[in-house]
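S.K.: Below is a structure I'd like to ask you about.
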Amino acid sequence: MNHTMLSNTVVKELTETASAMVAKGKGILAADESDPTIKKRFDSIGVDSTPYNRRDYRELLFTTPDLEKYISGVILFDETLRQSGKNGVPLAEVLSQKGIIPGIKVDKGLTNIPGTREEKVTQGLDNLGDRLEEYKSLGARFAKWRAVIKIGNHQPSRLCLDINAHTLARYAAVCQQAGLVPIVEPEILINGPHDIATSRTITEWTLSKVFSELSRHRVLIEGMILKPSMVTSGDEHTDQADIATVAETTVKAFKRTVPAALPGIAFLSGGQSSELATQHLNAMNKIDGLPWELSFSFGRALQEKALQAWKGKPENAKDAQDVLFHRAQCNGAARFGEYTRHMENQLK
Ligand code: 5MM
């Protein structure tokens, strides 16, 4: 039987938090870039990646007026959860005061799997329970763990999928025991010359293994969120599948492999342009009879344009916030299948 070790109170808390994370018309902002990733982002606008600049940038994002209309939760990096804004209020509290749920990335990055051609497994299970207790005391109500699967010549290997599915399920079970909702993120990279059919096959294979392990580890499906890649052509494939095909193929693959008990699927953007990620989400939400909420948990597709507008200059803060608000609003509309290209010209 599932989740026998969780008390009724914890089951209720997990279920309610998970549903709030995928509330209609809203999605999750992924702002949990690790130090090397945020450095790369800051390099692109010529800003030094210091703790102060990272704090200023993330405070700017979180204090965007009315962000809570379209953003249900924010994924933070360890450093950010420990930082306070300029007025001394912890950034996690800045979010909770707006009704946005703070969450925390708890994985510790990737390492090679010996015996494979540089396939990766995610690290961070050691002492995870203790770390979660601390994160909870700092205000986090959900967690995130990202596994990375690469499509290539004879890749992913069975070993890579087995290890990552097992690790994701171990992480999810430990989170729920600590009372935090796990976001389970098996990212299938967009990189490569593969076609959309290959992407669908690998997605179905991955998701079926992940849910089989989640069930084996007695994870409460109603108290978790899945954060997957959309099913697209590889970015080097010459004949890119169109928006309708991506939407239909993605929904078909998920219907085959994802239990209806799951409250929601919050897609990552994975290197798609901001507009295309929104268009794909919108097209999926036009399809009738979906058993789960189809939402977003974008990093780049929400932040890219705001980062470019900011450029590290305090006088650009308002413009950057307007741009973030606008992207969140477009994705909020896509949650109902009501986004139109016309909305792109309606930046305030
Ligand atoms: C925001 O980026 C997250 C952290 O990445 P690193 O640990 O590599 O620094 C990342 O997990 C992100 O949450 C997902 O990849 C979704 O972001 P995108 O940009 O793909 O929507």
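S.K.: List, in order, the whole-Hz ³J(HN,Hα) value for each residue of the stretch 213-222 obtained from phi through the Karplus relation with A = 6.51, B = -1.76, C = 1.60 and θ = phi - 60°; use x for Gly and Pro.
M.R.: With the stated coefficients, the stretch 213-222 comes to 5, 4, 5, 4, 8, 6, 6, 6, 5, 5 Hz.
S.K.: Given labels modelled 7 Å from the Cα in the Cβ direction, how far is it in nm from D48 to T245?
M.R.: Here the modelled spin labels are 4.9 nm apart.
S.K.: A further question on this structure: Roll a 1.4 angstrom probe over the protein heavy atoms and tell me the percent of accessible area of the chain that is carbon or sulfur.
M.R.: Looking at the chain in its full context, I get 50 percent from C and S.
S.K.: For S84, list long-range residues whose amide hydrogen, built 1.01 Å from N in the peptide plane, is under 5 Å from its own amide hydrogen.
M.R.: Long-range HN contacts for S84: L91.
S.K.: So what does the Cα-only Debye profile of the stretch 229-271 read at q = 0.32 Å⁻¹, as log10 I(q)/I(0), no solvent term?
M.R.: Once normalised to I(0) and log-transformed, intensities are -1.23.
S.K.: Considering only DSSP beta bridges with both partners in the chain, what is the antiparallel share in %, to the nearest 5?
M.R.: Counting DSSP beta bridges with both partners in the chain, the antiparallel share is about 15 percent.
S.K.: A further question on this structure: For the stretch 294-325 and the stretch 192-245, write down the distance between their C-alpha centroids in whole Å.
M.R.: If you average the Cα positions of each part, the centres end up 27 Å apart.
S.K.: Quick one: Karplus J couplings for the stretch 315-322, per residue in order, coefficients 6.51, -1.76, 1.60, θ = phi - 60°, nearest Hz, x for Gly and Pro?
M.R.: In residue order, the calculated couplings are 5, 9, 4, 5, 4, 4, 5, 4 Hz.
S.K.: Once amide H atoms are placed 1.01 Å from N in the peptide plane, what residues at a sequence separation of 5 or more from Q272, or on another chain, have their amide H within under 5 Å of its amide H?
M.R.: Distant-sequence amide H within range of Q272: zero hits.
S.K.: For G234, which sequence-distant residues (separation of 5 or more, or a different chain) have an amide H within less than 5 Å of its own amide H, given hydrogens modelled in the peptide plane?
M.R.: H194, D195, I196
S.K.: Something else about it: How do E213, E93 stack up against each other in accessible area, from largest to smallest, with a 1.4 angstrom probe?
M.R.: Final ranking, largest accessible area leading: E93, E213.
S.K.: Once phi is turned into ³J(HN,Hα) by the Karplus curve 6.51 cos²θ - 1.76 cosθ + 1.60 with θ = phi - 60°, what whole-Hz value does each residue of the stretch 40-50 show in order, with x for glycine and proline?
M.R.: The phi angles translate into 4, 5, 5, 4, 5, 10, x, 10, 5, 8, 9 Hz.
S.K.: Enter the accessible area per residue of the chain (Å², integer; probe 1.4 Å; all protein chains in place).
M.R.: On a per-residue basis, 42 Å².
S.K.: Rounded to two decimals, what ratio of Rg to Rh does the chain give with C-alpha atoms and a Kirkwood Rh?
M.R.: Values: Rg = 19.0 Å, Rh = 20.2 Å.
Ratio of gyration radius to Kirkwood radius: 0.94.
S.K.: A further question follows. Quick one: Debye curve from the alpha-carbon atoms of the stretch 286-344 only, equal weights, vacuum; give me log10 I(q)/I(0) at q = 0.17, 0.22 Å⁻¹ to two decimals.
M.R.: -0.63, -0.87
S.K.: How many angstrom lie between the Cα centre of the stretch 18-92 and the Cα centre of the stretch 252-286?
M.R.: 22
S.K.: Along the positive direction of the dipole of the stretch 8-345 (beta-carbon charges: Lys, Arg +1; Asp, Glu -1; about the Cα centre), which of A92, L128, Q329 reaches farthest?
M.R.: In the stretch 8-345, that residue is L128.
S.K.: Under Stokes-Einstein, with the Kirkwood radius over Cα pairs standing in for Rh, what whole-number D in µm²/s applies to the stretch 1-133 at 20 °C and 1.002 mPa s?
M.R.: Answer, rounded: 126 µm²/s.
The values are calculated or read from the model by the stated rules, or taken from the named source; none is laboratory data. No experiment lies behind these values; they were computed from the predicted model shown. Backbone-built Cβ (ideal geometry, glycine too); neighbour counts: all protein chains shown. Surface areas here come from the heavy atoms of the whole protein model, side chains and all, with no ligands, DNA or RNA. Shrake-Rupley method; radii C 1.70, N 1.55, O 1.52, S 1.80 Å.
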